[in-house]
Amino acid sequence: MQNPPLSRPVHRVVRAAAALFFFVGTLSGCVAAPAPSNTAEPVAVATPAPPEAPPVFASNDEALAAATAAYAEYQQMSNDIAHEGGADPQRISHFTVGDVLQSELGAYGRMSKSGLHLVGDLAFDSFTLQSADLSSGDVTAYVCLDVTQTDVVDATGASVIPSGRPDRYPLQVSLLHDSSSNRLFVEKSDSWSGSNFC
């Protein structure tokens, strides 16, 4: 007994299922196809280390010369501001940072408020290297500050310096190198508590 109407739908279902299976299989093969076996494995490439920055100074002598020049510039500006009674004190910030900057600004403020000004110039007659970090450019030195040619006077011209003041002061001075400007700035200036080297 034949049943043709039933066989046609079964064949259609089988063909549709086979086509769907083939389509899904082909699609999944495109998405997840294994890599060809002759493809080379990725190789890590070594990145060269960045070159080390050259030292700021080639020698202690070069560091000492730069520190001496920077300290002389700082002292000249300090003299100029003190001669003018502390006017425009921020000019010293081009030569100092840290403790020295704050100390100088405070001293100029007191001078201005009291109507005082410097007569003569502070000087230094000895600048000896204590240590130098040639890589960073930071320098520490011993300095003999000479005040023999100076006085501090009020608005009437009367001296306000007490009698018996020493003529020279031993100092330990630290200068920091600023890489952006390639300059040294006076950071610390402390009285030396050891034996007087001046």
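Observations on the structure shown:
- In segment 112-137, residue most open to solvent (accessible area, probe 1.4 Å) [restricted to those that are part of a loop (DSSP other than H, G, I, E, B) and touching a Ser or Thr at 6+ places or on another chain (Cβ under 7 Å)]: ASP121
- Members of segment 83-100 found to be open to solvent by less than 30 Å² (accessible area, probe 1.4 Å), free of Cβ contacts under 8 Å to residues at least 60 places away in the same chain and among the aliphatic types (A, V, I, L, M), listed by number: ILE92
- Residues of segment 101-111 satisfying the condition of being open to solvent by 50 Å² or more (accessible area, probe 1.4 Å) and under 18 Å from ILE161 (Cα atoms): ARG110
- Among the residues of segment 70-82, just one is open to solvent by less than 50 Å² (accessible area, probe 1.4 Å), farther than 26 Å from GLY157 by Cα and free of Cβ contacts under 8 Å to residues at least 60 places away in the same chain, namely ALA72.
- Filtered by the rule that a residue be closer than 15 Å to GLU187 by Cα and β-branched (Val, Ile, Thr), segment 121-155 gives VAL139, THR140, VAL143.
The values are calculated or read from the model by the stated rules, or taken from the named source; none is laboratory data. Values in this document were obtained by computation on a predicted structure and should not be read as measured data. No Cβ is skipped: glycine too gets one built from the backbone with ideal geometry, and neighbour counts run over all protein chains shown. Note: areas computed on protein heavy atoms with side chains; ligands, DNA, RNA excluded. Shrake-Rupley method; radii C 1.70, N 1.55, O 1.52, S 1.80 Å.
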